[in-house]
């Protein structure tokens, strides 16, 4: 005996809506469809009053009525089916699941062969009727949309409309729009900058253009671009391009903060996975390396085609991926040499401490497997001071200097060097007039020429020697 047991649609829809999309990730999924349709222009418009509403227009090829109905079907594509190399989808779920995660009413209006067709999913009606009723909106409803005239004026295109939005709070809507702009500028930067031949994309949000954000800072001459590496997995090609971003001393404060992104350099290091030119995942080592400050400038671009999803375990949202063990093994081979290069760029500024032409205040002590920063006990200024104080005062000075050594605020220094290095201006703690005053008072001590020569080699007075 065979029975037909239909799912409880009310419960099923709740599960369908709770896939884990965020507002920006959901919108990116909609734009994937626009790119796959050959769109050159994508416009996103929002309304807040009387209710939250969002519309996405593209000037792609559009759909006829049969194609539209099929596109509105859940699971409209076989994930194992070979697809066009430009197609950014896979499961045939993106349009629906992404939309349902943010709104309860989805309308798609599309134009092809000079004919406009429209269909609507309304989750409230589906729950009430316990049936998948695909609605046909009236002409009045269609024409009320703020971007309908754009579609009407174009030869072809598609308009996706979200109504009954509940995925974001109205109070947070403008903040979400700003996060959306940042997300789109990163995820689609290669389309926006026109680096993918023949697929240049213009995109606006509320009439404001989206500028591309290239996370590799490729235009900066100090960015190191390492040679491409190619991995072949069962006949498929994976292309890796490692980048070492510039040390902060090579960047303006604005650019340093810009390329840190909202997550900071430490969390933004790692692999950046692109599928058919679209960024899926970034800021991960996939367990092949630990997140480290020494590697914070290392970013590796990974390019794959859209027929490798099963190798990378890409999810429906296209926001989670994890390569299989064969790929990980190959990635690890390439990674070691890249990380070594990145460490040198990040740490090379520390070499200044070893400058033999300067008498430093601090020295680096390597003791067994430990490293300590200690004050230079042979510093000429300290030597002069010790000749001027008596034996009773000497222990007090020694205690103070030892305290400075022991309680050097390394954690605070490291934290500020990572988050805001351009704000650290330690040398400005001493003004030039103060240096001159200090030097004059030392010279008044009737020093020998040898003592004066040593003083002029110190970090404090070296600049005066260079002026002579």
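No lab work stands behind these numbers, since they all come straight from the coordinates. As the structure is a computational prediction, the values presented were derived from the model and not from experiment. Cβ coordinates were reconstructed from backbone atoms using ideal geometry, including for glycine residues, and neighbour counts include every protein chain displayed.
Quick notes on this structure:
- Counting neighbouring Cβ atoms within 10 Å and putting the fewest first, the residues 310, 366 line up as 366, 310.
- Value of [θ]222 nm, deg cm²/dmol, for the chain, DSSP H segments ≥ 4, -39500 (n - 2.57) each, nearest 500: -10500 deg cm²/dmol
- Ranking of 361, 213, 311 by count of other Cβ atoms within 10 Å, fewest first: 361, 311, 213
- Stretching the chain fully between residue 214 and residue 153 yields a gain of 18.6 nm (0.36 nm per residue, less the alpha carbon separation).
- Calculated diffusion of region 213-362, Stokes-Einstein form, Kirkwood radius summed over Cα pairs, 37 °C and 0.692 mPa s, µm²/s: 198 µm²/s
- Whole-percent P(r), region 388-462, all Cα pairs, 5 Å bins from 0: 3, 11, 13, 14, 19, 21, 10, 6, 3, 0.
- Degrees, to the nearest 10: 394-406 long Cα axis against longest axis of the chain: 20 degrees
- Cα centroid separation - region 150-167 against region 182-212, whole Å: 19 Å
- Peptides 177-190, 110-123 ranked from most to least packed give 177-190, 110-123, packing being the mean of other C-beta atoms within 10 angstrom over each peptide's residues.
- Whole-number Å³ per residue for the convex hull built on Cα positions in region 137-244: 218 Å³
- The distance from the alpha carbon centre of region 368-407 to that of region 18-76 is 69 Å, rounded to a whole number.
- Pairwise label distance in nanometres, residue 247 with residue 462, each label 7 Å out on the Cα-Cβ vector: 1.4 nm
- Counting only alpha carbon atoms, the long axis of helix 410-419 and the longest principal axis of the chain meet at about 40°.
- Against the rule of thumb 2.2 N^0.38 Å, how large the Cα Rg of the chain comes out: 1.36
- The chain - percent relative contact order, Cα under 8 Å, separation 6 or more: 12 percent
- Cβ-to-Cβ counts within 10 Å put 273, 442 in ascending order as 442, 273, the fewest first.
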